[in-house]
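What follows is a single structure, written as structure tokens, with notes after it.
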């Protein structure tokens, strides 16, 4: 990633994916018995995410990174079933404006450190910033935000 691209915002028409293992973060889609829908938990910041100087939820620019590359970068076994949860950046910002009004939410590239940064697809690593719940803030609002993200995304399990 070039220095000028690092930390730059993705455009509103860009599509990003969140890659998560298919576990208890999914439930059957009522519209099709062959599909799974993500639970809001799939959009929850991890303990590691929360410890960052600028907490963010990891996503990947779909035009730069494939799900197979994410698995390689993250050290996920190729046989592990993962879901590719896709959202348009504009939709993320629209949902954030509805639920997290007092924050500046942005989706921006987030450079990885070596050795991950040297792998194919690493330049697509990004984060959703401004969605961490801070002490004293109402947790219900953030849960509603995650529910809306889960409802808005398209999920492909691989």
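The values are calculated or read from the model by the stated rules, or taken from the named source; none is laboratory data. Every value quoted in this text rests on a predicted model; they were computed, and no experiment measured them. Glycine gets a Cβ as well: all are built from the backbone with ideal geometry, and neighbour counts include every protein chain shown.
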Search result, residues across the stretch 74-86 that are touching a strand residue (DSSP E or B) at 6+ places or on another chain (Cβ under 9 Å) and either assigned to a loop (DSSP other than H, G, I, E, B) or at pLDDT 95 or above (or both): 76, 80, 81
Evaluation of residue 111 against (1) within 18 Å of residue 61 (Cβ to Cβ); (2) surrounded by fewer than 17 Cβ atoms within 10 Å (Cβ to Cβ); (3) free of Cβ contacts under 8 Å to residues at least 60 places away in the same chain (one fails), failing number: (3)
Identity of the residue in the stretch 1-53, at pLDDT 85 or above and in a strand (DSSP E or B), that ends up nearest to residue 70 (Cα to Cα): 19
Unmet criterion (only one of (1) more than 15 Å from the chain's Cα centre (by Cα); (2) at pLDDT 90 or above; (3) assigned to a loop (DSSP other than H, G, I, E, B); (4) surrounded by 13 or more Cβ atoms within 10 Å (Cβ to Cβ)) for residue 103: (2)
Any pair with Cβ under 6 angstrom, 6 or more apart, that starts in the stretch 58-71 at a residue that is touching a residue at least 24 places away in the same chain (Cβ under 8 Å) and at negative phi and ends at one that is buried (at least 17 other Cβ atoms within 10 Å of the Cβ) and assigned to a helix (DSSP H, G or I): 60/70; 60/124; 61/124; 64/123; 64/124; 65/124
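Sort through 71, 143 and tell me the only one that's out of contact with any strand residue (DSSP E or B) (no Cβ under 9 Å at 6 or more places or on another chain) and in a helix (DSSP H, G or I). Break it down stepwise before answering.
On the way: 71 fails: out of contact with any strand residue (DSSP E or B) (no Cβ under 9 Å at 6 or more places or on another chain).
Of 71, 143, the one residue that is out of contact with any strand residue (DSSP E or B) (no Cβ under 9 Å at 6 or more places or on another chain) and in a helix (DSSP H, G or I) is 143.
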Residue list for the stretch 114-153, filter: within 19 Å of residue 91 (Cβ to Cβ) and loosely packed, with under 13 Cβ neighbours inside 10 Å: 151
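Within the stretch 72-94, work out how many residues are more than 18 Å from residue 37 (Cα to Cα) and either surrounded by fewer than 12 Cβ atoms within 10 Å (Cβ to Cβ) or in contact (Cβ under 8 Å) with a residue 24 or more places away in the chain (or both). Walk me through how you get there before you give the answer.
Step one: list which residues in the stretch 72-94 are more than 18 Å from residue 37 (Cα to Cα), which gives 72-79, 89-90, 93-94.
Now narrow it down to the ones that are either surrounded by fewer than 12 Cβ atoms within 10 Å (Cβ to Cβ) or in contact (Cβ under 8 Å) with a residue 24 or more places away in the chain (or both): 72-79, 89-90, 93.
Number of matching residues: 11.
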One residue from 122, 117, 88, 78 being at negative phi and within 12 Å of the chain's Cα centre (by Cα): 88
